[in-house]
Structures are given as C-alpha cells and as structure tokens.
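Following: one structure in structure tokens, then a few remarks.
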Amino acid sequence: MKKILFIDRDGTIVKEAKEPDYILDSFEELEFYPEVFRYLGKIARKLDFEMIMVTNQDGLGTKALSTETFWTIHNKIMKAFKNEGIIFSKVFIDDSYPEDKKPTRKPGTGMVTEYIDNPNYDLKKSFMIGDRLTDMEFAKNLGANGIFINNDEALGANEINSKREELEQYITLQTTSWKKIYQFLKKKH
C-alpha cells in the first residue's frame with residue numbers, strides 16, 4: 001500500500017504572505033521556505049511517499065485574489081519544484097472561506113475522498129505537513145499523522161494549547177525545519 005505526504009502550500013513550502021490579508025498575490029511576496037528544495041527533494045528521491053498538495057486559498061477568484069494572479073504565481077511555484085525533481089501527483093485547492101463550512105475546505109476531507117477507504121493507500125502511515133491547526137485536524141480526520149510546521153511560536157502555541165488533548169496523538173512532529181522533517185520521515189521509513 002502507498003503512503004502519502006499531504007502537503008500544505010502557504011506557510012509550509014512557501015512563506016506565508018504578510019498582513020493585512022495574508023494573501024500571496026505578487027511575485028514580490030513569493031519566498032520559498034528555507035531548505036524546502038533540498039529536503040523535500042531528498043524525500044521525493046529517497047523515501048516512498050506519493051506527494052499531494054492540499055491547500056485552502058480563501059477568496060480565490062475574487063477582487064482580493066484574482067484567478068489570473070493566483071495561477072501565474074502557483075504555476076511558478078509548481079515549476080520551481082518540478083525543476084528540482086519534486087512532483088506533486090495531485091494538487092487540491094479549496095477557494096471557500098471558513099464561514100462557508102464546506103466539506104472540501106481543510107480540515108474537511110472532501111477534496112481527498114478518493115484516498116479514503118482506498119485499499120491502495122495506507123493513511124495510518126501517511127502524513128499531513130502544514131502550518132495551521134486546521135492541517136492537524138485534517139490529519140486527524142483522515143486517520144493520518146500530522147507534522148506541524150510552527151512558523152509563529154505564539155500563534156502555534158495558542159492554537160495547539162486550545163485543542164492539545166484532541167490533537168496531541170496526531171501531531172507526530174513539531175518543527176520549523178525541513179531537515180528535521182526529512183530526518184523524521186527517514187527514521188519512519
């Protein structure tokens with residue numbers, strides 16, 4: 001059975017855009033996460049995971065984030081990873097807002113139903129890598145493991161502490177280092 005790395009985009013492989021809207025809407029804001037190419041590349045070459053991007057993009061297609069701007073930047077991100085031998089077999093993007101409460105928005109699993117109860121995949125040995133509590137809830141809802149990239153110590157600590165008991169068993173690693181993620185996954189391999 002195949003193992004999957006579900007990987008968030010903003011705040012995980014690229015740096016989170018800055019305030020006030022946290023929307024990556026220009027190339028000036030595009031910054032790749034430190035060492036992501038080196039260590040995600042090692043994961044892609046040396047470990048046996050299918051890589052799938054799962055991202056919430058609030059308001060995609062609105063005045064705040066035009067479809068054209070989003071796809072221009074997103075395609076550049078994807079090409080940069082492809083150039084380094086890092087291929088995402090699928091990319092799932094939800095454009096709803098949290099208040100819409102759609103099942104396709106993380107932590108809901110509606111975007112990835114084809115992997116749930118699929119005998120070809122082992123979700124218990126799969127991981128969700130992300131920088132938000134919703135990513136860890138997504139891991140829980142899938143029956144997978146969470147790797148929490150804690151970019152904002154204060155925010156992360158508050159988020160985790162608010163639901164620590166519920167999520168603790170699903171967060172298998174908390175770090176800000178792609179090197180540590182690679183080393184952790186290599187040991188699990």
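The values are calculated or read from the model by the stated rules, or taken from the named source; none is laboratory data. Not measured: the values here are computed from a predicted model. Neighbour counts are summed over all protein chains in view; Cβ atoms, including those assigned to glycine, are modelled from backbone coordinates with ideal geometry. We work out accessible area using only protein heavy atoms, side chains counted, and drop any ligands, DNA or RNA first. Shrake-Rupley method; radii C 1.70, N 1.55, O 1.52, S 1.80 Å.
Scanning region 113-151 for residues that are closer than 19 Å to Q174 by Cα and free of Cβ contacts under 8 Å to residues at least 24 places away in the same chain, which turns out most open to solvent (accessible area, probe 1.4 Å)?
Within region 113-151, the match that is most open to solvent (accessible area, probe 1.4 Å) is K124.
Scanning region 68-109 for residues that are among the hydrophobic types (A, V, I, L, M, F, W, C) and in a loop (DSSP other than H, G, I, E, B) yields I86, I87, F88.
Name the one entry in P34, P20 that is part of a loop (DSSP other than H, G, I, E, B), open to solvent by 10 Å² or more (accessible area, probe 1.4 Å) and modelled with pLDDT of 95 or more.
Details: P20 fails: modelled with pLDDT of 95 or more.
Sole residue among the options that is part of a loop (DSSP other than H, G, I, E, B), open to solvent by 10 Å² or more (accessible area, probe 1.4 Å) and modelled with pLDDT of 95 or more: P34.
Output yes when any residue across region 103-117 is at positive phi and touching a Ser or Thr at 6+ places or on another chain (Cβ under 9 Å), and no when none is. Looking through region 103-117, none of the residues is at positive phi and touching a Ser or Thr at 6+ places or on another chain (Cβ under 9 Å).
Residues in region 37-61 that are touching a residue at least 40 places away in the same chain (Cβ under 8 Å), assigned to a loop (DSSP other than H, G, I, E, B) and either of a type in the set (A, V, I, L, M, F, W, C) or in contact with a Ser or Thr (Cβ under 8 Å, 6 or more places away or on another chain) (or both): L47, D58.
Take the conditions (1) open to solvent by 60 Å² or more (accessible area, probe 1.4 Å); (2) at pLDDT below 95; (3) under 22 Å from I149 (Cβ atoms); E29 misses just one of them, which is (1).
Screening the candidates K90, K42 for the property of being within 14 Å of the chain's Cα centre (by Cα) and surrounded by 12 or more Cβ atoms within 10 Å (Cβ to Cβ) yields one hit, K90. Selection of region 73-87 for residues being in contact (Cβ under 8 Å) with a residue 12 or more places away in the chain and either of a type in the set (D, E) or exposed (fewer than 15 other Cβ atoms within 10 Å of the Cβ) (or both) yields K76, E84, G85, I87.
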